2 protein chains.
Amino acid sequence: MATKKFFLPESEIPTHWYNIAADLPTPPPPPLHPATHEPIGPEALAPLFPMELIKQEVSSERYIEIPDEVREIYRIWRPSPLVRATGLEKALDTPARIYYKYEGVSPAGSHKPNTAVAQAYYNKQEGVRRIATETGAGQWGSSLAFACSQFDIECKVYMVRISYEQKPYRRSLMQLWGSSVVASPSEDTNAGRTIREKDPESNGSLGIAISEAVEDAAMREDTKYSLGSVLNHVLLHQTVIGQEAIKQFEMAGDYPDVVVGCAGGGSNAAGLMFPFLKAKIEGKRDTRFLAVEPASCPSLTKGEYRYDFGDVAGLTPLMKMYTLGHGFMPPGIHAGGLRYHAMAPLLCHLYSEGFIEAVAHPQNPCFEAATLFARTEGIVPAPESSHAIKGAIDEAMAAKEAGQSRVIVFNLSGHGFLDLAAYDDYLAGRLVDDHYPEEKVREAMKDLPVIA
Amino acid sequence: MATKKFFLPESEIPTHWYNIAADLPTPPPPPLHPATHEPIGPEALAPLFPMELIKQEVSSERYIEIPDEVREIYRIWRPSPLVRATGLEKALDTPARIYYKYEGVSPAGSHKPNTAVAQAYYNKQEGVRRIATETGAGQWGSSLAFACSQFDIECKVYMVRISYEQKPYRRSLMQLWGSSVVASPSEDTNAGRTIREKDPESNGSLGIAISEAVEDAAMREDTKYSLGSVLNHVLLHQTVIGQEAIKQFEMAGDYPDVVVGCAGGGSNAAGLMFPFLKAKIEGKRDTRFLAVEPASCPSLTKGEYRYDFGDVAGLTPLMKMYTLGHGFMPPGIHAGGLRYHAMAPLLCHLYSEGFIEAVAHPQNPCFEAATLFARTEGIVPAPESSHAIKGAIDEAMAAKEAGQSRVIVFNLSGHGFLDLAAYDDYLAGRLVDDHYPEEKVREAMKDLPVIA
C-alpha cells in the first residue's frame, strides 16, 4: 500500500525563505514611479510598508532567515502535508503519479497566512500598532486578521461590499479573530465617500477597496498597509511551500516532472514553483512548470507584457507585468482570488523567459475537476485551487494518452468549506462558462501608460 | 521548543476497534422489546442493519478487526493529529499541559466519518445498494454521504427542514458527495405526509426525520438504515480515536490525568475515552473522565437512569439510558449535535458505575472558550466541540488554583467553518444563555414506559 500522506516533523519547517531574485539569469525590470516613469527606490514605499519588508522586496540575497517568532506560529499548521492522490489516480486510471501540497490546513484555510504572519511580525517589530488592508471574498482578510491576532495588532479590513453582503462567513472569521471589517466603499475614507456620493448603491470592487486601505494607511501615523499577493516579498514568504515539498518528495523517493499552480496574483503558484525552479535555472532538472488561470481573466495567456499599475486607481508604482489593463473588471467568477488584471512581476519575468507555461480554463471544467477530487480524495477544494486540479488532471490524462508515467504535483492552495454555494451553482447547472472578454480588455488596454 | 503536533505514520492506524463491553466489571442492561418489554435478540434489528453490524452491537470480543478496505479510506485523514495547545496554555498561564485530538481533519470535518465508512462498508459487503438516514444540522448526513460515495452506495438523507433551509452548506456537501437530500417532514414517506397534512409548515425535528428514514429502510428491500451515534457499534468504530491518542502520548512522553469529551449521543466522547478507560477498569491508572453536555439538554447530569426509547416516535427498542424523556424537545442551541434527549447506553452504564464524571454548561461560556481557542490555537471549533474546550479550560484553571501540574486531553471533534453564523450571534451578544428546561422535562418524563 503506497504511503498517501507525507508529514515532515516541525523541526523541518524551513529556516529561510528562498529569494529567486538571486538566481535569475537576467534581472527583472525595475518598478517605475507612476508620474516620472523613473525607476523608484525603496524610500518610495516607506509610507506604506515597514522597512524590513521593503528590503525584502528589493533584496538579492538568496536566502532570508525566517524569524523564530514567525516559525513558532507556522508550527500551528506547518509543515503542511504532501499527499499522494491515490484515489484520483485510480479514478483516472492513469499511469501518472499525482501529488498535492495541501495548504488548506492553515487557520484561514489557504496559503495566505504564510505571508500574513510574516508581514504582521515585521510591522510589530517596527512599532506599527494598526494595519489596513482590502479583501474580496475574504481569503486574504481572514488570514491577516488571524496573523494580527497573534501579535496584538489592530486590523482594519475594507471588504468589497458585494462579498460583505453575500459571503458573510469569512467576515465572521475576521471578526472572530478580532479585526474590524467594513463594507467598501465605506464612509471611513475620502475615496469611499466620493464613490458613495456618486453611487450610494455601489457594490464596490477590489480596486476601490485597495484605494481605501492605502488612503487609511497613508493618513495615519500608526498604520501601515498590507498586500496579500503580487509583490516580491509576498512571493518570497510563500516559498516555504516548495521548500517543504522538495523534502517531502525525498521522503517519497520521487521527484516531479510537472509542477502546477493556479494563478491569480501569483503567490501560491510561485510559493510551490520557485524552490523547484532553482534546479531548472541551474540546468540540473528539466521540470515543467504550469500556471493555470481562469479563462475570464487570462493575464498570462492573453495579456500584454508591459508596464501597468497594480491597482485600478493607478496609485501604485508601475510594474512590468502581463496585464489585461488595470481598468479591466473581470467577470464575477466564483474563484474570486483569481480575479486580478495582471500577475506578480517575478512570475511574469520567468514566464517571459520561458521557464513557466500557462493555460486558461473556464470555471465549469474546473468545478468538474474539483467535484471528482472531492469524491475521490475527500477534500472540498477552493474554487481557485480547482484550476490547479484541472491542470493536473489534464497532465495525467496526457500521460495516459502517451502511455508514459509522469509525476505531477499541484498546490491545493485552500479548502472550499466557505465556498459551497459555488458548488451548489455548479451542481444545479447554474454556472455560466466564462470566456475571454476580448472587448473589455481592448478597452482597458487603451488607458495604459506608454513607457519609452 | 515543545513539539506541538504529534503525527503517527499511516502504518499506525489501528488494526482493530476496541470493544469495551469485553472489559466491563458488570454487564450493561439489555435492550428490551418496545411492546413486550422482554430482552430482544439480534434478529429484531435485522430489517434495519446489516448482520455484521448487529453482531458488533452485541459482541463481547475485546478486539474486532478493521477491514483493510476501511483502513484504506481511513488513510485519507487518519491517524488524526494529537496537538499540544501551547498557545492556549500560554493565554491561561496555567501549569497544566493541554492536548487535543483533532478530528476536524476528516473529509466532513468531524469524527463522524470514522463510523460512517465502516457502516457503508458492511452494508456494501451484504449487498445493500441504498442507505437511508436522518440528519439535523448535517454533520452526520455529510459524513455518511462521503462514506457512501466511497463504496458506490446510494444515500438518501432526511434533513430536518429548518436546517435544510437555514443551513444550506452541509446540504451542499451531501449533494457534492452524490447523496439525495430531502427536507423532513417530506412527501416521500407516510410519516412525513401525515405530519405535513396536519402541519404543512412544520419545521421538522430529528425525531420526525428518524421516523422517515426508518420507514424508508423498512419499506424497501434494497435499503438499510444507518445511525450516527448512541448504538454500541457506533461507539466501537470511534475507538480508533483513543487508540491513536494512547500511541501519540507515548511519542509525547506524557499521559493524561483527565480525558474530556463533549457528549450529545456520546460517540465522540466514548471514542476518545474507552481505550483510556481500559487501564482504569483494570486498576492500572486512576485517570479521570469528564463528559461535558449542554445545560439545555443535560441528560447525564439531570436525567433519570431508566429504560426509554431512542427516538421520539417510540419505534426503537427500549434502552436503559440517562434520559430527559424521548418526547423532550431541547431548545434550539447552536450545538445541534448535542440536542439528544438521552445518551449512549454504554456511556450511561459507565457513568452509573462511577467511571465517568459529567458537567453541563450553557452555550455562552462555551463560545467564549471556543473564541479564546480560535485566537490562540488558530482553529475554529464546532459549537459541539466548544463544550469540551470549556471543560478542559476549567480543568486547567483548577490546576492553576491548586498549583499543580495536570495533563488534560480533550476531543476537538470537529471544526466550525460551517457554523460561523453561530459565532456571529455570540460576538453580537445575541446568544441566549440556555438553562435547564425543568418543566418541559417533567412533562416528557410522564410518557416513559414503566419497566417492572
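The values are calculated or read from the model by the stated rules, or taken from the named source; none is laboratory data. Bear in mind that the values here come from a model prediction, so they are computed numbers and not experimental data. For neighbour counting, all protein chains shown are included, and Cβ atoms are generated from backbone atoms with ideal geometry for every residue, glycine included.
Worth a mention:
- Test: residue in segment A:301-318 that is touching a Pro at 6+ places or on another chain (Cβ under 7 Å), more than 30 Å from A:ARG170 (Cα to Cα) and among the aromatic types (Phe, Trp, Tyr): yes
- Scan segment B:395-452 for residues that are away from chain A (no Cβ under 14 Å), assigned to a loop (DSSP other than H, G, I, E, B) and among the acidic types (Asp, Glu) and the total you get is 3.
- Residue in segment B:76-95 that is more than 30 Å from B:PRO317 (Cα to Cα) and free of Cβ contacts under 8 Å to residues at least 40 places away in the same chain present: yes
- Selection count, segment A:30-46, where residues are under 18 Å from A:VAL234 (Cα atoms) and in contact with a helix residue (DSSP H, G or I) (Cβ under 8 Å, 6 or more places away or on another chain): 4
- Inter-residue pairs, beta-carbon under 6 Å, first without any contact (Cβ under 8 Å) to a residue 60 or more places away in the chain and in segment A:316-327, second part of a strand (DSSP E or B) and surrounded by fewer than 24 Cβ atoms within 10 Å (Cβ to Cβ), 6+ apart: A:TYR322/A:TYR305
- If you go through segment A:36-90 and pick out every residue that is of a type in the set (D, E, K, R), within 11 Å of chain B (Cβ to nearest Cβ), part of a helix (DSSP H, G or I) and under 21 Å from the mean Cα position of the chain (by Cα), you end up with 1.
- Screening the candidates A:SER202, A:SER172 for the property of being over 20 Å from the mean Cα position of the chain (by Cα) and within 14 Å of another protein chain (Cβ to nearest Cβ) yields one hit, A:SER172.
- Residue, nearest to A:VAL450 (Cα to Cα), within segment A:3-35, restricted to residues that are part of a loop (DSSP other than H, G, I, E, B) and within 14 Å of another protein chain (Cβ to nearest Cβ): A:THR15
- Residues (surrounded by 24 or more Cβ atoms within 10 Å (Cβ to Cβ) and part of a helix (DSSP H, G or I)) located in segment A:91-103: A:GLU103
- Considered as a group, the residues in segment A:262-277 that are outside any helix (DSSP H, G or I) and hydrophobic (A, V, I, L, M, F, W, C) include one that is surrounded by the fewest Cβ atoms within 10 Å (Cβ to Cβ), and that residue is A:CYS262.
- Filter result (part of a loop (DSSP other than H, G, I, E, B), in contact with a strand residue (DSSP E or B) (Cβ under 9 Å, 6 or more places away or on another chain) and more than 15 Å from A:ARG339 (Cβ to Cβ)) within segment A:278-313: A:THR287
- All positions within segment B:416-452 that are under 26 Å from the mean Cα position of the chain (by Cα) and hydrophobic (A, V, I, L, M, F, W, C): B:PHE417, B:LEU418, B:LEU420, B:ALA421, B:ALA422, B:LEU431, B:VAL432, B:VAL441, B:ALA444, B:MET445, B:LEU448
- Of everything listed in (1) modelled with pLDDT under 95; (2) in contact with a Cys (Cβ under 9 Å, 6 or more places away or on another chain), the single unmet condition for B:SER386 is (1).
- Filtered by the rule that a residue be within 11 Å of chain B (Cβ to nearest Cβ) and either free of Cβ contacts under 8 Å to residues at least 40 places away in the same chain or on the phi > 0 side of the Ramachandran plot (or both), segment A:148-168 gives A:CYS148, A:SER149, A:ASP152, A:PRO168.
- The residue that is nearest to the chain's Cα centre (by Cα), among those in segment B:375-394 that are assigned to a loop (DSSP other than H, G, I, E, B) and among the aliphatic types (A, V, I, L, M), is B:ALA382.
Let's see how each residue does on (1) closer than 22 Å to B:GLU384 by Cα; (2) touching a helix residue (DSSP H, G or I) at 6+ places or on another chain (Cβ under 6 Å); (3) at pLDDT below 95; (4) of a type in the set (Gly, Ala, Ser):
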| residue | (1), (2), (3), (4) |
| --- | --- |
| B:ASP254 | no, no, no, no |
| B:ALA313 | no, yes, yes, yes |
| B:THR316 | no, no, yes, no |
| B:HIS326 | yes, no, yes, no |
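- Restricting attention to segment B:91-111, the residues being within 13 Å of another protein chain (Cβ to nearest Cβ) and either more than 17 Å from B:PHE6 (Cα to Cα) or not polar (S, T, N, Q) (or both) number 9.
- Strands (runs of 3 or more DSSP E) within segment B:114-225 that include 2 or more residues of a type in the set (Val, Ile, Thr): B:130-135, B:154-160, B:180-184
- A residue that is away from chain B (no Cβ under 14 Å) and polar (S, T, N, Q) cannot be found anywhere in segment A:246-259.
Conditions tested, residue by residue: (1) charged (D, E, K, R); (2) closer than 22 Å to A:ALA392 by Cα.
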residue: A:PHE417; (1), (2): no, yes
residue: A:TYR423; (1), (2): no, yes
residue: A:GLU439; (1), (2): yes, no
residue: A:ARG442; (1), (2): yes, no
residue: A:MET445; (1), (2): no, no
residue: A:LEU448; (1), (2): no, no
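- B:ALA369 more than 14 Å from chain A (Cβ to nearest Cβ), assigned to a helix (DSSP H, G or I), in contact (Cβ under 8 Å) with a residue 12 or more places away in the chain and within 23 Å of the chain's Cα centre (by Cα): no
- The selection criterion, being at pLDDT below 95 and of a type outside the set (D, E, K, R), holds for A:SER205.
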